[in-house]
Amino acid sequence: MLIKYGSTSVEKLCTTEKAAKKFFNHMRYFEDLKGVINLIEQSTVLSDLIAFPQLHFHPTDFYIKNSFGLDISGRKSMYRLIVVPLDDSENIVVKDDKFFSKCKQIRILRIEEVSKHYE
């Protein structure tokens, strides 16, 4: 899958150790984040990513409409990625009754933020 970023600060956090050290309390989370990002890049379509139960793909509309969360270090972790699926024209894919059938065609995810969801 192709990864886009919602902002340059999110991109830096997801790709550079220096920015991650400022954000995370423990470097383990940066290593786990890199693992999730690698998994996204190695997936062909969104349905491949959803197949990993340890990521706990779940809706997070209270953050951003049509967004989803991916747990970075498992269910007990306080950190998750907030992502928005995009179509091939980079338009947001609307979450509707046919969303999960569309997941077999979605090849782009935009990472909106790394969230510490207990704050």
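Residues in the stretch 100-119 that are of a type outside the set (D, E, K, R), more than 14 Å from L49 (Cβ to Cβ) and outside any strand (DSSP E or B): S101, H117, Y118.
For the stretch 88-100, the count of residues that are more than 15 Å from the chain's Cα centre (by Cα), aromatic (F, W, Y), over 22 Å from K12 (Cβ atoms) and open to solvent by less than 80 Å² (accessible area, probe 1.4 Å) is nonzero. Only one of the listed residues (I64, I3) is open to solvent by 20 Å² or more (accessible area, probe 1.4 Å), β-branched (V, I, T) and part of a loop (DSSP other than H, G, I, E, B). That residue is I64. If the condition is being within 17 Å of G6 (Cα to Cα) and either surrounded by fewer than 17 Cβ atoms within 10 Å (Cβ to Cβ) or hydrophobic (A, V, I, L, M, F, W, C) (or both), then the stretch 101-113 contributes R107, I108, L109, I111. Residues being surrounded by 12 or more Cβ atoms within 10 Å (Cβ to Cβ), in contact (Cβ under 8 Å) with a residue 24 or more places away in the chain and of a type in the set (D, E, K, R) are represented in the stretch 72-81 by at least one member. Only residues that are in contact (Cβ under 8 Å) with a residue 12 or more places away in the chain, assigned to a helix (DSSP H, G or I) and surrounded by 15 or more Cβ atoms within 10 Å (Cβ to Cβ) were counted across the stretch 16-33, and they come to 6. Per the listing K95, K76, the residue uniquely assigned to a loop (DSSP other than H, G, I, E, B), in contact with a Pro (Cβ under 8 Å, 6 or more places away or on another chain) and at pLDDT below 90 is K95. Inspect all residues belonging to the stretch 45-54 and state whether any of them is open to solvent by 20 Å² or more (accessible area, probe 1.4 Å), outside any loop (DSSP other than H, G, I, E, B), touching a Gly at 6+ places or on another chain (Cβ under 8 Å) and not acidic (D, E). Checking the stretch 45-54: at least one residue is open to solvent by 20 Å² or more (accessible area, probe 1.4 Å), outside any loop (DSSP other than H, G, I, E, B), touching a Gly at 6+ places or on another chain (Cβ under 8 Å) and not acidic (D, E).
The values are calculated or read from the model by the stated rules, or taken from the named source; none is laboratory data. No experiment lies behind these values; they were computed from the predicted model shown. FYI the Cβ positions are ideal-geometry reconstructions off the backbone, even for glycines, and counts take in every protein chain you see. Quick note on the areas: whole protein, heavy atoms, side chains included, nothing else; ligands and nucleic acids left out. Shrake-Rupley method; radii C 1.70, N 1.55, O 1.52, S 1.80 Å.
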